[in-house]
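J.: Could you have a look at this structure, given as structure tokens, before my questions?
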Amino acid sequence: MVFMSLRRSIIPMKRPSLCLFSLAVLASLPARSAMLVNTRTVGTSGQVRAVPVLRINGLGTGLSAAPGLTLSVAGPSLPSVAAPSILPLAAPGEGLSVPSLPSAAQEDPQSLSGKVTAISEQAQPDLKALSDISLQGEGSQAAGERVMAAVLGTRVRSLPDLALSPAESGTPVMPGQGLQAPAKNARKTTRLVKQVSYSEAVPDESKALMEETLSRRKASWIRQLGAMGVELAGPVEPVLSVKASRDILKGEKVEFTVEWNQGETKVGSFKAVVTRKNLNPDLRRLPAPPVADEKKVVLRFKKSVVKDAAGLKIEAAVTDADIKAFLEEHRLRLVTEDRYNGIVIAAVTGKDEAPSLSDELTGRGLLLSAAPFKLDAPAERQIRLVFKKTTVKDFGVRVEVGVSDTDKAELLRSKGLRVLEITRDGEFRVAVAPGVSADAAAADLAGTGIVRHAYAALADAPEDRQVVLKFRDTAAIDAGGLKVETKIGDDQVAEVLTSRGIRVLESLGEGFYRVAAAEGMTGKELASALAAEAGVASAVAVGGLSDAEVEASARGAASYKGRPWSSTEYNMNYSMTEWNLVERGATKAQLEKFRKLCDEAPVRGGGFNPWSGD
């Protein structure tokens, strides 16, 4: 007597022909017979007789007659066994009528034989894979389940709570025989990401592989999708769009190109390489889909803001999480982040436009400034300004306070200025609105109380009215008959630069400025007046340097041009000499003459010394 029992586990492969035969008989039954859960066989060598029995959800039916099913099978002969026994099922509940199951014996044996052959050919690749001892774990389980799917079909697998009935003869059914109800913690095969679409270029075989790996390798996908920026637990479900696929490594793996999005503000793309044998994915980030320049905005965030903590106002640094929340709140998509220059480039979404949104956001919340990425701002509309680090305010008592990012943001917003650049030295290059005079706007900014200096980018004046001015770092003042050294603050510098009708033409760095006297006043007169200021180290009128002094400076710099000096040493001396001429009030023509004389000077020794400083 032979009992055949099917489980949702891999069938031992010691006798593959017999197993295939058994599974094929099950698959050949009509759909309504659902599942052969226990059979007894009888017959001569090479023949088998099978009787189906069924129990579903505790409801059952019996077979009053069990016509035999006889078919020829290839492979090893089965021994003769006892006559078939009928296995009745539990009686249906009261008042419930369950129709009898149709017999499988009416089918044409030739048709059944054809089904057996087809099932055997379909399952052969996976059976061969299962014979490989290197296939373990989830890989072997996946191959086994594909065999079961091919043999049993989707109808049988979808039936719930299949159980085995005891034999009518009283022969007990051994524990574990037949198909049991799935356990509560059974592995689910639901796809990890619900919304997945494929382009027409992706073949069906690749689609099936992607679907299977998303269903059976969820842990790996969850971890790697997180590294790609996809938030599976976020408020918006991710959408994957598979754009292309190709076989690599002689067909052992498939490479997918995938774009994803979670709404308009979170998008990206990645490459997924899936191994056919074990379904394991390997993800690599790709550049996000490009954004048109017209949709981009350049954002500069404050370094710190004042927050309310339990009724107390405290200053807190702006974190990456704060920036992320700000972008989401205003429906902005992050494009790139330039930490070196302190800027974030984002893209507007929906119907928003970059210029109007920039004006709306500048100075709001965490934002210091916002400007369109593609901004047409000619030099005639540009201003250079530097904010004070501290300023003195009168609260009944004069107190020195710091100039915060919030103060700067409010001023930029109130004046309608768009920030083009912030240098490493803290100088702002901004653009005024069309139709606004840059000179007038610079003068207005200089009088706001928090700006150290401001000047139009193309500011100029006749050289006979220009002065090169240098401020001290500290100065000695008389305090009740005592000389006390005090620091020259930003307020004192700003007061000098806005006095006597002075107009700043250029900030030269290191405390130097090139300024212009008011109309009707010469540069020499202004230099004399400024020299009396306590915070002024020097004031030199432009044009007071003779040509002979310029020529002597050029000869001194040219003496380093060639051996035994290196090119680095020559360039260093050249720059220092030129800067010295600027401090001493050289005109533009004199500076050009210096450069020309140095260029025309011969190279000493035929070249520079490569072993001296380079």
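The values are calculated or read from the model by the stated rules, or taken from the named source; none is laboratory data. Source: prediction; values computed, not measured. We place every Cβ from the backbone using ideal geometry, glycine too, and count neighbours over all the protein chains shown. Keep in mind that these areas ignore ligands, DNA and RNA; they rest on the heavy atoms of the full protein, side chains included. Shrake-Rupley method; radii C 1.70, N 1.55, O 1.52, S 1.80 Å.
J.: About the Cα centre of segment 311-384, how large is the charge dipole given +1 on each Lys and Arg Cβ and -1 on each Asp and Glu Cβ? Please answer in debye to the nearest 20.
T.: 60 debye
J.: Sorting check: for 382-394, 450-462, which peptide has the highest mean count of neighbouring beta carbons within 10 Å, and how do the rest follow?
T.: 450-462, 382-394
J.: If you count, for each residue, the other Cβ atoms within 10 Å and average over each peptide, how do 412-419, 278-285 line up from highest to lowest?
T.: 412-419, 278-285
J.: Here's a follow-up. Whole angstrom only: what separates the Cα centroid of segment 410-477 from the Cα centroid of segment 198-255?
T.: 55 Å
J.: Sorting Y513, Y198 by accessible area (1.4 Å probe), largest first, what list results? It would help to have the intermediate numbers written out before the result.
T.: Numbers: Y513 5, Y198 60 Å².
Ranking Y513, Y198 by accessible area, largest first, yields Y198, Y513.
J.: Would you list I314, I422, I119 from the most to the least accessible area, probe 1.4 Å?
T.: Ranked list, largest accessible area first: I314, I422, I119.
J.: Extension gain N571-A310, at 0.36 nm per residue separation less the Cα-Cα distance, in nm?
T.: Separation in residues times 0.36 nm, less the Cα-Cα distance, equals 88.1 nm.
J.: Between D204 and K487, what is the label-to-label distance in nm when each label sits 7 Å out along the Cα-to-Cβ direction?
T.: 7.8 nm
J.: Would you kindly calculate the translational diffusion coefficient of segment 238-329, applying Stokes-Einstein with the Kirkwood radius from alpha carbon pairs, for 20 °C and a viscosity of 1.002 mPa s, and quote it in µm² s⁻¹ without decimals?
T.: Roughly 126 µm²/s, to the nearest whole number.
J.: Then there's this: If you plug each phi of segment 245-259 into the Karplus form 6.51 cos²θ - 1.76 cosθ + 1.60 with θ = phi - 60°, what whole-Hz ³J(HN,Hα) values come out, in order, with x for Gly and Pro?
T.: 8, 7, 6, 9, 6, 6, x, 6, 9, 10, 9, 10, 9, 10, 10
J.: Which FRET efficiency, nearest 0.05, do T390 and M521 yield, Cβ-Cβ r, R0 35 Å?
T.: 0.65
J.: Calculate the radius of gyration of the Cα atoms of segment 446-512 to one decimal place, then report Dmax, the largest Cα-Cα distance, as a whole number, both in Å.
T.: Here Rg and the maximum Cα pair distance are 14.2, 46 Å.
J.: Still on this structure, please answer the following. Using a Förster distance of 56 Å, how high is the FRET efficiency between A227 and A548, based on the Cβ-Cβ distance and rounded to 0.05?
T.: It comes to 0.20.
J.: Note down the nm distance, to one decimal, between modelled labels 7 Å out along Cα→Cβ at E360 and at A325.
T.: 2.1 nm
J.: Chymotrypsin sites (Phe, Trp or Tyr not before Pro), restricted to segment 277-359: which are DSSP loop and have at most 10 other Cβ atoms within 10 Å?
T.: Loop-located and lightly packed - Y340.
J.: Continuing with the same structure: At a 1.4 Å probe radius, carbon and sulfur cover how many percent of the accessible area of segment 371-458?
T.: Carbon plus sulfur share of accessible area: 49 percent.
J.: A further question on this structure: Work out, step by step, the length gained on full extension between A379 and I345: first 0.36 nm times the residue separation, then minus their alpha carbon distance; give nm to one decimal.
T.: 9.9 nm
J.: Taking θ = phi - 60°, what integer Hz values does the Karplus form 6.51 cos²θ - 1.76 cosθ + 1.60 yield along segment 335-346, in sequence order, with x for Gly and Pro?
T.: 9, 7, 10, 10, 5, 4, 9, x, 10, 10, 9, 10
J.: Provide the packing ranking of 200-207, 556-563, i.e. peptides ordered by the mean count of other C-beta atoms within 10 Å per residue, highest first.
T.: Sorting 200-207, 556-563 by mean packing, highest first, produces 556-563, 200-207.
J.: While we're here: What full-extension length gain, to one decimal in nm, is calculated for E121 and E353 as 0.36 nm per residue of separation minus the Cα-Cα distance?
T.: Result for the pair: 77.4 nm of gain on full extension.
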